[in-house]
Amino acid sequence: MSDVPPDRLSNNPASPFYDEAVLRRGVGIRFKGVEKTNVEEYCVSEGWVRMAVGKTLDRRGNPLTLKAQGPVEPYFRDAPADAEAKSDGDD
């Protein structure tokens with residue numbers, strides 16, 4: 001797996017941009033320089049995030065979201081699993 005998060009990612013399993021392996025690793029989002037924890041989907045190349053609005057749900061039971069435009073900076077919260085395995089073997 002790459003050290004760079006994907007250009008577009010969603011945490012909805014019904015989305016074509018859902019990637020369980022990447023989400024399991026942990027992706028953090030900085031939007032306009034501020035850490036966001038309520039991001040449901042993002043796209044770096046188009047410059048937008050889709051954030052949950054409170055605890056409100058739509059008629060299908062999904063979080064109600066708001067799309068906001070601006071600079072998006074995704075990053076991995078932890079080191080890749082293979083790097084951890086290599087460091088554990090070197091001790």
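Scanning segment 13-20 for residues that are among the polar types (S, T, N, Q), in contact with an Asp or Glu (Cβ under 9 Å, 6 or more places away or on another chain), surrounded by fewer than 18 Cβ atoms within 10 Å (Cβ to Cβ) and closer than 14 Å to Val72 by Cα turns up nothing.
Residue count for segment 7-49 satisfying the condition of being touching a residue at least 40 places away in the same chain (Cβ under 8 Å) and touching a Lys or Arg at 6+ places or on another chain (Cβ under 6 Å): 3.
Scanning segment 1-28 for residues that are outside any helix (DSSP H, G or I) and under 21 Å from Arg60 (Cβ atoms) gives Leu9, Ser10, Asn11, Asn12, Pro13, Ala14, Ser15, Pro16, Phe17, Tyr18. Of all residues in segment 70-83, those being within 14 Å of Gly26 (Cα to Cα), open to solvent by less than 40 Å² (accessible area, probe 1.4 Å) and either modelled with pLDDT of 90 or more or β-branched (Val, Ile, Thr) (or both) number 2. Within the span defined as segment 56-69, every residue fails to be loosely packed, with under 11 Cβ neighbours inside 10 Å, at pLDDT 95 or above, touching a strand residue (DSSP E or B) at 6+ places or on another chain (Cβ under 9 Å) and not in a strand (DSSP E or B).
Looking only at segment 21-38, residues that are surrounded by 13 or more Cβ atoms within 10 Å (Cβ to Cβ), out of contact with any helix residue (DSSP H, G or I) (no Cβ under 9 Å at 6 or more places or on another chain) and either modelled with pLDDT under 95 or over 13 Å from Gln69 (Cα atoms) (or both) come to 7 in all. State which residue is farthest from Phe17 (Cα to Cα) when the search covers only segment 29-54 and only residues that are outside any strand (DSSP E or B) and not basic (Lys, Arg). Among those residues, the one meeting the criterion is Gly33. Within segment 39-55, being closer than 21 Å to Pro13 by Cα and open to solvent by 60 Å² or more (accessible area, probe 1.4 Å) holds for Arg50, Val53, Gly54, Lys55.
The values are calculated or read from the model by the stated rules, or taken from the named source; none is laboratory data. Since the structure is predicted, the reported quantities are computational estimates derived from the model, not experimental observations. Cβ: placed from backbone, ideal geometry, glycine included. Neighbour counts: every protein chain shown. SASA here: full protein model, heavy atoms, side chains in, ligands and nucleic acids out. Shrake-Rupley method; radii C 1.70, N 1.55, O 1.52, S 1.80 Å.
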